[in-house]
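The values are calculated or read from the model by the stated rules, or taken from the named source; none is laboratory data. Because the structure is predicted, anything quoted here is derived from the model rather than measured. In this analysis, Cβ positions are derived from the backbone assuming ideal geometry, glycine residues included, and neighbour counts consider all displayed protein chains. To get the accessible areas, we keep the full protein, side chains included, count just its heavy atoms, and leave off ligands, DNA and RNA. Shrake-Rupley method; radii C 1.70, N 1.55, O 1.52, S 1.80 Å.
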Amino acid sequence: MRKLVLQRMSTVSKERREYIEQTLMTKLLETSLWKEAKTIGITLSTFPEWETRRIIEEAWRQHKTVVVPKVIKKGVMVFNHYTIDTPLEISAFGIDEPVMVDEVTQIDLLVVPGVAFQKNGARLGFGGGFYDRYLQDFEGKTVSLVAMEQMVDIVPLEKHDIFIATILNA
């Protein structure tokens with residue numbers, strides 16, 4: 001399923017991709033989740049994920065604190081402050097991460113990435129289990145930005161999988 005949905009995401013036309021990204025950003029910014037959040041956790045997206053940099057820039061414009069994940073050891077990630085001046089390095093997974101560890105534990109809203117989703121918030125991630133482990137003790141609000149290309153009838157679940165509270169669709 002992961003491979004199939006990633007293939008669908010990879011072949012989305014440029015026009016459809018722009019529509020998805022703009023629609024998801026607009027929907028997110030209109031939510032009370034966003035409006036009430038002071039600290040936003042979000043990934044620095046890589047293709048074929050939907051682009052997150054415009055959302056990050058809007059958070060900065062609104063004087064919100066932005067934090068992004070960094071893997072610090074096998075299976076463990078933490079969130080670190082992210083500004084325009086934050087030095088980045090490419091992780092072993094090919095993802096931009098802050099060079100320094102500056103762990104932030106108070107996150108109001110976490111934008112959780114994933115590959116496939118059900119309407120009820122069940123999520124199939126990228127396969128590392130990082131977010132499921134992180135979400136076990138997370139007390140803030142969660143949202144995922146999902147295009148119809150990612151929606152499935154049934155996500156294969158494991159006992160440790162954590163559901164996302166809010167799914168925004170494009």
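Let's see how each residue does on (1) more than 25 Å from residue 150 (Cβ to Cβ); (2) over 15 Å from the mean Cα position of the chain (by Cα):
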residue	(1), (2)
11	no, yes
32	no, yes
36	yes, yes
49	no, no
53	no, no
65	yes, yes
77	no, no
96	no, no
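Just to verify a result, which residue in region 99-119, among those that are open to solvent by 90 Å² or more (accessible area, probe 1.4 Å) and in a loop (DSSP other than H, G, I, E, B), is nearest to residue 59 (Cα to Cα)?
Result: 106.
Looking at region 120-148 only, could you name the residues that are closer than 22 Å to residue 21 by Cα and either in contact with a His (Cβ under 7 Å, 6 or more places away or on another chain) or open to solvent by 30 Å² or more (accessible area, probe 1.4 Å) (or both)?
Listed by number, the residues that qualify are 120, 126, 141, 148.
Starting from residues that are within 18 Å of the chain's Cα centre (by Cα) and modelled with pLDDT of 90 or more, keep the ones in region 83-94 and report whichever is nearest to residue 63 (Cα to Cα).
Step by step, filter region 83-94, then rank; the result is 83.
Could you list all residues from region 137-170 that are of a type in the set (Gly, Ala, Ser) and in a loop (DSSP other than H, G, I, E, B)?
140, 147, 165, 170
Looking at region 147-166, which of the residues that are among the β-branched types (Val, Ile, Thr) and more than 24 Å from residue 80 (Cα to Cα) is farthest from the chain's Cα centre (by Cα)?
154
Inside region 118-135, can you point out the residues that are closer than 22 Å to residue 147 by Cβ and of a type in the set (Gly, Ala, Ser)?
121, 122, 125, 127, 128 - these are the residues of region 118-135 that are closer than 22 Å to residue 147 by Cβ and of a type in the set (Gly, Ala, Ser).
Identify all residues within region 1-15 that are among the hydrophobic types (A, V, I, L, M, F, W, C) and open to solvent by less than 80 Å² (accessible area, probe 1.4 Å); write none if there are none.
5, 6, 9, 12, listed by residue number.
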